[in-house]
Amino acid sequence: MTLVQQIFHSSLGRKYVAALTGAGLFFFLIGHLAGNLQIFGPPDLINGYAHFLKSKPLMVWGARLGLLACVGLHLYAVISLAMESKAARPVAYAGGAAYGSAWRSRYMMVSGLVILAFVVYHLAHFTALLPGINGFGDFSKLKTELKDAGEVPDVYAMMVLGFRVWWVTLFYLIAQALLFVHLGHGLSAMFQSLGLRNHVWWPRIQIFAKVFSTALLIGYISIPIAITLGLGRDYSDRAKAGLNMPLGQQSAPQQGPADALVLK
Ligand code: HEM
């Protein structure tokens with residue numbers, strides 16, 4: 001049996017796989033949040049960042065494949081471990097789902113699957129830019145001018161217009177709340193799987209899990225909430241109006257009050 005087969009054959013090996021791939025996804029979440037928080041700066045900041053990423057296809061595709069591998073291996077490891085533990089205990093505990101670990105593994109599974117559904121929607125929404133699912137229209141037509149790069153996709157306008165659709169914002173907020181629940185337990189479980197559960201480290205690990213899951217929750221939900229409260233409204237109104245103008249004039253400011261344009 002090769003080393004890889006041995007790892008996947010043993011439940012301890014799969015716990016390591018779940019912990020390490022979970023850690024990879026956690027680091028992605030930190031980096032992704034840092035990129036997204038640039039929405040609080042001037043529009044050119046996040047547009048320049050998105051343009052920089054698009055100009056490095058090797059780096060972007062390397063990261064995408066790494067993420068895909070992490071998601072696939074994480075799912076395989078946790079689902080196979082859950083099935084095994086269910087098969088080893090065919091008769092449920094008295095008290096059923098209310099029993100500590102059974103309840104925890106159930107909400108980890110449910111929150112994880114909703115987060116997965118969210119990621120599929122999110123990729124269609126902001127990466128593939130499928131027009132039929134955003135409640136707005138064709139995001140790929142939103143363009144702006146950057147000083148050194150010329151015409152580029154207007155990611156700032158896309159994010160603001162995207163979160164001005166109430167049901168999209170609601171879905172994102174629900175998904176972030178479930179991500180918080182998932183990380184709150186997942187981060188401490190990750191260290192436990194790596195063998196760090198002892199009386200010295202366990203309290204610290206639990207504080208770490210609470211602090212990071214809360215910080216990520218606040219960071220991610222601050223974006224749709226700030227937009228709902230008015231962040232970028234004038235700019236996105238002008239970008240939306242610019243969709244009906246010839247290319248080259250799209251980022252020029254419009255005359256007249258910005259609120260004359262109302263979103264559907
Ligand atoms: C308010 C919360 C979020 C915002 C505003 C946001 C924003 C974005 C944007 C604008 C893109 C497209 C980047 C581009 O193509 O230029 C993107 C891509 C992506 N997001 Fe998010 N995101 C959020 C939350 C999340 C969460 C919670 C996850 C994971 C659980 C996630 C996972 C991804 C992934 C995997 C991509 C694709 C990266 C790529 O391959 O291009 N995002 N996000």
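How big is D for region 33-148, in µm² s⁻¹ as a whole number, if Stokes-Einstein is applied with the Kirkwood radius of its Cα pairs at 20 °C and 1.002 mPa s?
Numbers: Rh = 18.1 Å.
The diffusion coefficient I find is 118 µm²/s.
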Mean projection area, nm², convex hull over Cα of region 152-217: 6.0
Which whole DSSP H helices in the chain pass both tests: a Cα extent of 27 Å or more along the axis and a mean Kyte-Doolittle value no lower than -0.5? 11-36, 57-88, 100-122, 166-193, 201-228
How far apart, in nm, are the 7 Å Cα→Cβ label points at L229 and E151? 3.6
Once you've got the Cα coordinates, tell me which of K141/K210; K54/K240; K15/K210 are over 29 Å apart. K141/K210
Net charge (Lys, Arg +1; Asp, Glu -1) of residues whose beta-carbon lies under 15 Å from that of V78, V78 excluded, is +4
Let me have the 222 nm mean residue ellipticity of the chain computed from DSSP H runs of 4+ only, each contributing -39500 (n - 2.57), with the sum over all residues rounded to the nearest 500. -22500 deg cm²/dmol
Ranked by GNM mean-square fluctuation in the chain (Cα springs under 10 Å), the top entry among P43, P153, P57 is P57
Region 193-208 versus region 125-169: alpha-carbon centroid distance in Å: 42
How big is region 116-235 along each principal axis, measuring the range of its Cα positions in Å and listing the largest first? 56, 34, 27
Could you pull out every residue, at least 5 positions away or on a different chain, whose amide H is within less than 5 Å of the one on K143? Hs are placed 1.01 Å off N in the peptide plane, and Pro or chain starts have none. D154
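Cα convex hull of the chain: mean projected area in nm², to one decimal? List each step's numbers first, then the result.
On the way: hull surface 72.1 nm².
Dividing the Cα hull surface by four gives the mean projection, 18.0 nm².
Test of understanding: what is the full-extension gain from L75 to H199, defined as 0.36 nm times their sequence separation minus their Cα-Cα distance? All intermediate terms of the calculation are to be shown ahead of the outcome.
Details: separation 124, 0.36 × 124 = 44.64 nm, distance 2.98 nm.
Length difference between fully extended and current span is 41.7 nm.
Order the peptides 182-192, 156-166 from the highest to the lowest mean number of other Cβ atoms within 10 Å of their residues. Walk me through the numbers on the way to the answer.
Values: 182-192: 20.1, 156-166: 21.8.
Packing order, densest peptide first, comes out as 156-166, 182-192.
Among residues other than V181 whose Cβ falls under 13 Å from its Cβ, what is the net charge (Lys/Arg +1, Asp/Glu -1)? Mind dumping the intermediate values first?
Details: positive: R104, R106, K210; negative: none.
For residues surrounding V181, the net value is +3.
Values in this text are rule-based calculations from the coordinates and carry no lab data. All values reported here derive from a predicted model rather than from experimental measurement. Note that we place each Cβ from the backbone using ideal geometry, even for glycine, and neighbour counts take in every protein chain shown.
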